[in-house]
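Read through the structure below, which is laid out as structure tokens, and then see the notes.
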């Protein structure tokens, strides 16, 4: 267990693998943890429906976590979906755009998410804002990069006269290490909860269960999750220790 912090945290909690791991990471560190999800008309809106069960199941894994887990918030950002002509918000085929970034990229999404989260954290008296952004094993989204997060942290603190810390525990680890971090935080029970109850598939497919969880199996999110799980299983069987992110 990490050293417990007295100040609180707000976790960007979509209902996916990464955000569930981040929630466990925060619960391991902070006395008070709240969660926030965003409804922007995403095709995989089913992820939001997973959040309540995930919060309940995480509370069964560690006896300290239920007392630390506070309120959940859902913020409607329908305008973001309305102005976004992407494969995450429109019923179009997922493909690589001419920019070299998949057309699942929703411009400004993480900037908007973190800004709204910081505004909520300000009101709730929470210093730490935790997100699952990662630039080690990702789809190339520019708003997932460490430089972007650091720049936004400066802007938010200046604009709100605050001292927010934007925490990104997955920034420098790959998907295999994310699985390993989950096991480190909550053992096999947390790994099992992520497999059974979280959702990452961009198409919102929950009809087929793979070894790594539910999904279409072919979208970029599923491919990253599946490849990471295969590597995690191989390394875990070989006794490879992946550092705690």
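Coordinate-derived values only; no laboratory data. Fair warning: this is a prediction, and the values are worked out from it, not measured in the lab. When we count neighbours, we look across all protein chains shown, and the Cβ atoms used for this are built from the backbone with ideal geometry, even at glycine.
Values computed for the structure shown
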quantity: Euclidean distance between Cα centres, segment 39-69 to segment 197-212, Å; calculated: 15 Å
quantity: Mean Cα-pair separation over length for segment 116-168, i.e. relative contact order, pairs under 8 Å, 6 or more apart, %; calculated: 43 percent
quantity: Mean Cβ neighbour count within 10 Å, used as a protection proxy, ranking 62-68, 165-171, 196-202, 48-54 highest first; calculated: 196-202, 165-171, 48-54, 62-68
quantity: Cβ crowding within 10 Å averaged over residues, with 123-130, 230-237, 13-20 ranked highest first; calculated: 13-20, 123-130, 230-237
quantity: Extension gain from residue 39 to residue 160, taking 0.36 nm per residue of separation minus the Cα-Cα distance; calculated: 41.1 nm
